[in-house]
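Here is the structure we will look at, set down as structure tokens.
The values are calculated or read from the model by the stated rules, or taken from the named source; none is laboratory data. These numbers come from a predicted model, not from an experiment. Cβ sites come from the backbone with ideal geometry, for glycine too, and all protein chains shown count toward neighbours.
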Amino acid sequence: MTASASSPCITGWHHSQFGKLDGIDPEVLIGQVAKAAIEHAGLQPEDIDSVHVGTFNAGFLYQDFPSSLVLNTLPQLRFKPATRLENACATGSAAIHSGLQAIKAGESKHVLVIGFEKMTELATPQVGEVLLKACYAKEEAGIPGGFAGVFGKIAQSYFDRFGDQSDALAMIAAKNHKNGMVNPYAHMRKDFGFEFCRNVSDKNPYVAGPLKRTDCSLISDGAAALVISAADVAKAMPRAVQFRAAVHVNDFLPLSRRDPTRFEAAELAWKKALGDASLTLNDLSLVETHDCFTVAELLEYEAMGLAPHGQGARVIAEGITAKDGKLPVNPSGGLKSKGHPVGATGVSMHVMAAMQAAHDAGDMQIANARYAGVFNMGGAAVANYVSILERVN
């Protein structure tokens, strides 16, 4: 989607607490964020033309087919079209794109996008088995360590080619945990510091390959919602954060068909998004990127163009992506601190970026933020989504 005065705008949002949300029915969680996002946009439920729900599920919950669950809380949405979207860890962005397409097609003026996941109903080993369904099962389902094992293989391949990157990964983890300290929605608001993240200990053991516990995102519950509106009606609303670009690029599913040390489709998505937005990387005020594992953020530095292939470590070492750096990355704390409820993640990242663009991010706020980038991926850089947001109202 190329930037233009007619590009859809985010006009309302809401974000639940992320964490281990015991005793909260997912149906109630969905209803809460949906109702609050509609109110934030200054609308009534009957103003919503279509509903787009993102959840991975794949066995986290028995209840599947969730598209109409929100109607139980908001009966005014009865008879509106509602669809469930899924694209692994980029499920939330898939739901956003579905909503954008409904607006671009002229079928909707206001869409409600909901992302949610309830992961902690299962024990950790079972969670790992569910997440492995997002790999290429024929070749990768037997990898020890679950999806951490997939990224452990990626990290080991990168280390073998470019040297031990443990310092860089620990710096990324420490940065994101420090940033997450001021995110009221974050699952883990604790500043671990570089030394703890760098060293193996009883509380920070190896999980898969060279990846330690502090290199892995959290198993979390949570939900987030957005209202997206057509540009012509958004101009009269209390706030409007425009999509200057919204790009989706997919790659091969098997790692065996790709270079595991490069996120090539992510690189293509970034180039296309910046071109569509008529911007360069230097124009961005911040980026919320998909740090499901610290090695993913390292490779994403290279994919977005902050460093040549194999030199991502210098980006974090030089403080470029620190909160006060040239391009702050994950001022929210990222998935590493905020948590990673799979279906909620892409919507959450867009909420965080919209808050920044609207100068409504509280203690997370980047001064004078204008353009906010988002990179959300499904699988190991298989489904790649890049958005660039700008406040217009």
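Here is a check on your reading of the model: is L71 hydrophobic (A, V, I, L, M, F, W, C), part of a helix (DSSP H, G or I) and within 18 Å of the chain's Cα centre (by Cα)? Walk me through it before giving the result.
On the way: hydrophobic (A, V, I, L, M, F, W, C): yes; part of a helix (DSSP H, G or I): yes; within 18 Å of the chain's Cα centre (by Cα): no.
The answer is no for L71.
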Inset, instruction - Quickly run through the stretch 150-173 and pick out the residues that are hydrophobic (A, V, I, L, M, F, W, C) and out of contact with any Gly (no Cβ under 6 Å at 6 or more places or on another chain). - result: V150, F151, I154, F159, A168, L169, A170, M171, I172, A173
Legend entry - Within the stretch 279-354, helices (runs of 4 or more DSSP H) holding 1 or more residues that are under 30 Å from P26 (Cα atoms) and of a type in the set (D, E, K, R): 294-304, 334-338
Legend entry - Which listed residue, of A358, A307, A322, is without any contact (Cβ under 8 Å) to a residue 12 or more places away in the chain and of a type outside the set (S, T, N, Q): A307
Inset, instruction - Quick one: in the stretch 84-110, of everything that is in contact with a strand residue (DSSP E or B) (Cβ under 6 Å, 6 or more places away or on another chain) and either assigned to a loop (DSSP other than H, G, I, E, B) or of a type in the set (S, T, N, Q) (or both), which residue is farthest from S4 (Cα to Cα)? - result: A88
Inset, instruction - Give the residues of the stretch 62-72 that are touching a helix residue (DSSP H, G or I) at 6+ places or on another chain (Cβ under 9 Å), in contact (Cβ under 8 Å) with a residue 12 or more places away in the chain and surrounded by 16 or more Cβ atoms within 10 Å (Cβ to Cβ), sorted by residue number. - result: P66, L69, V70
Legend entry - Residue in the stretch 364-374 that is in a helix (DSSP H, G or I) and more than 20 Å from I219 (Cα to Cα) present: yes
Legend entry - Residues within the stretch 276-318 that are out of contact with any helix residue (DSSP H, G or I) (no Cβ under 9 Å at 6 or more places or on another chain) and either more than 30 Å from A5 (Cβ to Cβ) or at pLDDT below 95 (or both), tallied: 1
Legend entry - Scope the stretch 263-275; condition closer than 23 Å to V342 by Cα and in contact with a helix residue (DSSP H, G or I) (Cβ under 7 Å, 6 or more places away or on another chain); matching residues: F263, A266, E267, W270
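In the set T214, T294, which member is among the polar types (S, T, N, Q), surrounded by 20 or more Cβ atoms within 10 Å (Cβ to Cβ), farther than 19 Å from M349 by Cβ and touching a Ser or Thr at 6+ places or on another chain (Cβ under 9 Å)? Write out each step before concluding.
Working: T294 fails: farther than 19 Å from M349 by Cβ.
The match here is T214.
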Inset, instruction - Note down all Cβ pairs under 7 Å where the first residue falls in the stretch 89-102 and is farther than 19 Å from K336 by Cβ, the second is modelled with pLDDT under 95 and surrounded by fewer than 24 Cβ atoms within 10 Å (Cβ to Cβ), and they're at least six residues apart or on different chains. - result: L100/M1
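Can you tell me which residue in the stretch 127-141 is surrounded by the most Cβ atoms within 10 Å (Cβ to Cβ), limited to those that are among the small types (G, A, S) and in contact with a helix residue (DSSP H, G or I) (Cβ under 9 Å, 6 or more places away or on another chain)?
If we filter the stretch 127-141 for residues that are among the small types (G, A, S), which is where we start, we get 128, 134, 137, 141.
The next check asks that each one be in contact with a helix residue (DSSP H, G or I) (Cβ under 9 Å, 6 or more places away or on another chain); those that pass are 128, 134, 141.
Values: G128: 19, A134: 25, A141: 11.
Among residues in the stretch 127-141 that are among the small types (G, A, S) and in contact with a helix residue (DSSP H, G or I) (Cβ under 9 Å, 6 or more places away or on another chain), the one surrounded by the most Cβ atoms within 10 Å (Cβ to Cβ) is A134.
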Inset, instruction - Could you please tell me which pairs satisfy a Cβ distance under 7 Å, a separation of 6+ or placement on different chains, a first residue in the stretch 170-193 that is in contact (Cβ under 8 Å) with a residue 40 or more places away in the chain and more than 20 Å from R314 (Cα to Cα), and a second residue that is acidic (D, E) and in a loop (DSSP other than H, G, I, E, B)? - result: M181/D191
Inset, instruction - For the stretch 61-73, state whether one or more residues are within 19 Å of S98 (Cα to Cα) and among the polar types (S, T, N, Q). - result: yes
Legend entry - Test: V233 is part of a strand (DSSP E or B), of a type in the set (A, V, I, L, M) and at pLDDT 95 or above: no
Inset, instruction - Quick one: count up the residues across the stretch 8-24 that are in contact with a Gly (Cβ under 9 Å, 6 or more places away or on another chain), surrounded by fewer than 24 Cβ atoms within 10 Å (Cβ to Cβ) and either free of Cβ contacts under 8 Å to residues at least 60 places away in the same chain or over 19 Å from L112 (Cβ atoms) (or both). - result: 3
